[in-house]
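Below you'll find the structure, written out as C-alpha cells, and then a few comments.
All of the numbers you see were taken from the coordinates with simple rules; none came from a lab. Small disclaimer: the values here were computed from a predicted structure and weren't measured. We place every Cβ from the backbone using ideal geometry, glycine too, and count neighbours over all the protein chains shown.
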Amino acid sequence: MSRIMISGTHSGCGKTTVTLALLKALTEKNIKVDSFKCGPDYIDPIFHSRIIGTPSHNLDSWFCGGDTLNYLLQSSDREMSLIEGVMGFYDGVGKSFSSCDTALAVKTPVVLVVDSKGMSGSLGAVMKGFLTYRNPNNIVGFIFNRLPESLVETAKALCEEFNTLYLGHLPFDKELIIESRHLGLAADSDIALLKAKTDSLARLAGENILIDKIIELSKKTTVLTGLDPLKNKPNHKAKIAVSKDEAFSFLYRDNLDFLRRSGCEVEFFSPLHDRCLPENINGMILVGGYPELYAKRLSENKSMLADIKNKISSGVPTIAECGGFMYLHESFENADGKFFPGVGAVSGRCFKTDRLQRFGYVTLTSKNDNLLCKKGQALKAHEFHYWDSDSCGEDFAAAKANGSASYSCVHCDHSSYFGFPHLYFYANVQAVENFIIKCEEYGKKNG
C-alpha cells in the first residue's frame, strides 16, 4: 500500500484544502484511496468521508505507539492512503506527538503546504527552516497555497536550491475558501456547497499540482510491520446501541471497528428521529456532536428521552461523552441561549461559554473501581467543547498532557462513564474490553 502525508507550516495554512483537492482528484483517477487524520480531530475525517466519499480514520501518536499506528495504517485495503497532518508539522505536546513524529513512526514521505500569501523571498526562509529544524523529517517536497502566478518560478527555483521537490501550487480563489467548521455539515445545503467547492478545487489541483509525481512518491515506502492490539483477545458477544445522526456525529471509525472486531454487534440509533432505542441491547454509547443545534427537537422526542433514562436506570453499561454527556443532563442550552430538557440522568445543566473549555489531551486517573478500570488506573482522552456543565463529575482526576492544569471530572460507576472527555478505543484497549464484558454480563442477566 502506498502512502503520503500532507502537512503544513501552521494551522490555517491550507493543508485541509489541499488534502480535499487531492482526495477528489485521486478518486477521479479511479485510485482507491482512503484518508487518515493526524490527531484526535472529528471534523476533517467527516469532511473526507461525507464530501469525497473516501473511508477516513484517525492516526494519533499521543494515543497510540508506533506498533499500533503501523497496524492501523497497514490494515487499510485501499491502493493508497493519504494522511492529513494536524496544526503545524512540528507542533504537538511540547516537542512530541507532532505530525512529524507520526510521519517518522509510520515511515511516510511528507509534502509540506506553505501559505504563500503576502510572501516572496521569505518563502525561502520558511522552507529552509522546516527542512533543517529537525532531521530526519521525511519532507520530500512542497505545495504552495495561495501562490500568485508571478511567483511560481521563484518557488520552483527555491525548491531546486534546497534540493527538494516543487509539487505544485493552488492559486488564491475567494470563492473556494472553506470557512470555519465549528458548525460544519449541519445541513444538506452545506454539504452540497462543499461538494461543489471540492469539485472546483480538484480541477485546480489537476491544473497546478503534480499529482502523478505525488502518486510516485507515495509508492517509495517500505512495508509496515505493526502489532494488532486485539490479537489473542477473546471474542465477545454483545449488542451495543450507538447514537448516530445530525446531532451526534463525532464517532471514530476505529472505535466501531474495535467493537466489531471484538465480536460486538453495533446498531445505530437516532436520538433525533427514532422514538426509542433498539431492542435487546446490552450496552449503549452516546457520542459527541452538536446537540446544541438540535436542542428543541431532541427535547421534544420525549419517548426517546424516557427510554434512555430507563435503560440507564436499569444498569445498561453506558458511555456518554461530550455532546452525549450534555444530552444526559436535566437541561442544556442551545446555540441561541435557551435551555431545553435533556434525559435527566445527570443532575444539573449544560451551558454555553465564549471559549474552548479544557481543550487538549488529558490523562484520566480513576478514583474508584468502575465500568472501565480499577482505582488508580489511567485512561487517555481528549477534550474539545465550548459548552460546560455545573455537574462535570468527580470520579477521575484529569491531568493535561502539557502539564498546564489538573481537575476532577466524569461521573463513573460500575455501569456508566458520563463526561466531556472523548475516548479513543485503541488507546484504552483493556478499558474498552472491560466495558464489553460488562455489556455481556448485562445481557446474560437480563435475557
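Bin by bin, in steps of 5 Å, what percent of the Cα pairs in the stretch 2-218 do you find, going until the bin that has the longest distance? Result, from short to long distances: 1, 7, 16, 21, 21, 17, 11, 5, 1, 0 percent.
When only alpha carbons are used to place a centre, the stretch 95-171 and the stretch 197-227 end up 15 Å from one another.
When the Gaussian network model of the chain links Cα atoms closer than 10 Å, the mean-square fluctuations of His422, His48, His236 top out at His236.
Rounded to the nearest 20, the size of the Cβ-charge dipole of the stretch 315-386 about its Cα centre is 280 debye, with Lys and Arg at +1 and Asp and Glu at -1. Using C-alpha pairs under 8 Å with a sequence gap of at least 6, the mean separation divided by the residue count of the stretch 257-313 gives a relative contact order of 39 percent.
Under the simplified labelling scheme, the His236-Ala125 pair shows an inter-label distance of 5.5 nm, with each label point 7 Å from Cα along Cα→Cβ.
What the Cα convex hull of the stretch 1-117 gives, in volume per residue, is 94 Å³.
Relative to one another, the C-alpha centroids of the stretch 250-282 and the stretch 384-419 are positioned 24 Å apart. Exposure proxy shown here: for Val266, Val33, Val111, Val316, the number of other Cβ atoms within 10 Å sets the order, fewest to most, as Val266, Val316, Val33, Val111. For n ≥ 4 DSSP H runs only, could you compute -39500 (n - 2.57) per run for the chain, divide by its residues and tell me the 222 nm figure to the nearest 500? The helix-only estimate for the chain comes to -9000 deg cm²/dmol at 222 nm. Counting only DSSP beta bridges with both residues in the chain, tell me the antiparallel percent, nearest 5. So the antiparallel bridges amount to about 40 percent of the total. Given the options Gln357, Gln74, Gln430, state which has the largest fluctuation in a GNM of the chain using a 10 Å cut-off (strictly under) for Cα springs. Fluctuation is largest for Gln357. The lysine pair count for the stretch 239-371, using Cα distances under 16 Å and pairs eight or more places apart or on different chains, is 5.
Normalised by 2.2 N^0.38 Å, with N the number of residues, the alpha-carbon radius of gyration of the chain equals 1.01.
The mean sequence distance of close C-alpha pairs (under 8 Å, at least 6 residues apart), as a share of the length of the chain, puts its relative contact order at 13 percent. Within the listed set Asp245, Asp354, Asp60, the Gaussian network model of the chain (springs between alpha-carbon atoms below 10 Å) gives the highest mean-square fluctuation for Asp354.
Counting neighbouring beta carbons within 10 Å and listing from fewest to most, the residues Phe144, Phe340, Phe332 come out as Phe340, Phe332, Phe144. Neighbour counts of other Cβ atoms within 10 Å put Thr68, Thr164 in the fewest-to-most order Thr164, Thr68.
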